[in-house]
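So the structure is just underneath, and the comments pick up after that.
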Amino acid sequence: SQQGEEDPQALSIQEGENATMNCSYKTSINNLQWYRQNSGRGLVHLILIRSNEREKHSGRLRVTLDTSKKSSSLLITASRAADTASYFCATEPNQAGTALIFGKGTTLSVSS
Amino acid sequence: DTAVSQTPKYLVTQMGNDKSIKCEQNLGHDTMYWYKQDSKKFLKIMFSYNNKELIINETVPNRFSPKSPDKAHLNLHINSLELGDSAVYFCASSQATRGVSPLHFGNGTRLTVT
């Protein structure tokens, strides 16, 4: 069954604003990852947070993980037009023999 | 220096035909995957190979047959294509099967069955 659910499905903001996307999942995980997909391209890995971590930063990205609520958020600060893309969370379940499970994604539009 | 490359990028074919998609990675990774992305952008695992051996086979019709001649290549052959097979198919690779090993994706093959 699908593991991750992103919220909102679509987000439109102005350049310079912050964008926050949320992800909820259902079962125990080893780690949670965020990916970006530009139109017509493959997914690109952004950041990974382990199940024993609560927050992680990478450049303008900040990811939080709350395993008690089975949720994560991705914050992009000072957004740029080039950040326009779809963003997906992906979870690695604790269960052996399973691959990453992706959510349906959030489509972010940043206008200049 | 494309890390994960898929060919072709676009594939338009008629129902009932057989087609193949090729994938190659030059990252030296041991694990390769096929994912299917539907029209709503939902991405679902189809297969995973580790060092040429099948390790994950999700509920995929047996019309789909992956083949890994070596650990750098994972091809996907599809028999008797159906309208519902229309989607974007992504190949990906990772250093390890599990753990802190992000996936590297190709740019996808858009398959259209008419």
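Where a number appears in this text, it was derived from the coordinates with a stated rule and is not lab data. Just so we're clear, the structure is a prediction, and the values are computed from it rather than from any experiment. Note: ideal-geometry Cβ built from the backbone for every residue, glycine included; neighbour counts use all protein chains shown.
For this structure, a couple of remarks:
- Cα pair count fraction exceeding 17 Å, expressed as % - chain A: 50
- Neighbours of A:G105, meaning other residues whose beta-carbon lies under 15 angstrom from its beta-carbon, give a summed charge of +2 when Lys and Arg score +1 and Asp and Glu score -1.
- Over region A:5-104, relative contact order from alpha-carbon pairs under 8 Å, at least 6 apart, %: 34
- Range in chain A, longest, excluding exposed trypsin sites (Lys or Arg not before Pro) [loop by DSSP; at most 15 other beta-carbon atoms within 10 Å]: A:81-112
- Shielding value for A:43-54 is 3, the average number of Cβ atoms from other chains within 10 Å of each residue's Cβ.
- 10 Å beta-carbon shell around A:T91, net charge (K/R +1, D/E -1): +1
- Here chain A is scanned for GluC sites (Glu not before Pro) in DSSP loops (not H, G, I, E, B) that have at most 16 other Cβ atoms within 10 Å, and the longest stretch holding none of them is A:54-112.
- For chain B, built as a Gaussian network whose Cα springs stay under 10 Å, the top-fluctuating residue of B:I21, B:I45, B:I56: B:I56
- DSSP-assigned coil residues among trypsin sites (Lys or Arg not before Pro) in region B:19-114, each with at most 10 further Cβ atoms within 10 Å: B:K40
- With contacts taken as Cα pairs under 8 Å at a separation of at least 6 residues, chain B carries a relative contact order of 36 percent.
- Taking the C-alpha atoms of chain B, convex hull volume expressed per residue in Å³: 96
- Under the combined filter of DSSP loop state and at most 15 neighbouring Cβ atoms within 10 Å, region B:31-114 retains these GluC sites (Glu not before Pro): B:E58, B:E82.
- Unsatisfied cross-links (Cα-Cα over 24 Å) in the set B:K19/B:K67; B:K22/B:K71; A:K70/B:K52; A:K70/A:K104; A:K70/B:K44; B:K9/B:K41: A:K70/B:K52
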